Amino acid sequence: MKTAVSLPERLYKDAEKAAKSMGIPRSQLFAKALEEYISHHKRDRVTEKLNEIYKNCTIGSNIEEASLESIRELTKNDAW
């Protein structure tokens, strides 16, 4: 799909150089850049949602102690 966007001249020139050095059309560079940008921000939203879910969760000291004991048990015969 074709679309028109306005860019600052410096950004346009940098994109032109980048596309040329990568050997791809400028429109492909823009598409790839936009795809990466959207993907990055989707991950941010997932992280925000997970943070919201887990913000009220607390790990009790007994869970931490159990984890520490498990590690001690698993590594008791390790030669360090």
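The values are calculated or read from the model by the stated rules, or taken from the named source; none is laboratory data. Keep in mind that what you see is a predicted model, and the values were worked out from it rather than measured. Here the Cβ positions follow ideal geometry from the backbone for every residue, glycine too, while neighbour counts run over all protein chains shown.
Conditions tested, residue by residue: (1) in contact (Cβ under 8 Å) with a residue 60 or more places away in the chain; (2) among the hydrophobic types (A, V, I, L, M, F, W, C); (3) surrounded by 10 or more Cβ atoms within 10 Å (Cβ to Cβ).
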position: Ser6; (1), (2), (3): no, no, no
position: Glu16; (1), (2), (3): no, no, yes
position: Ala19; (1), (2), (3): no, yes, yes
position: Met22; (1), (2), (3): no, yes, yes
position: Arg26; (1), (2), (3): no, no, yes
position: Phe30; (1), (2), (3): no, yes, yes
position: Glu36; (1), (2), (3): no, no, yes
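Glu64 satisfies every condition listed in (1) surrounded by 10 or more Cβ atoms within 10 Å (Cβ to Cβ); (2) under 30 Å from the mean Cα position of the chain (by Cα); (3) at pLDDT 75 or above except (3). With the requirement that a residue be over 20 Å from the mean Cα position of the chain (by Cα) and part of a helix (DSSP H, G or I), what does segment 30-61 give you? Within segment 30-61, Ser61 is the sole residue that qualifies.
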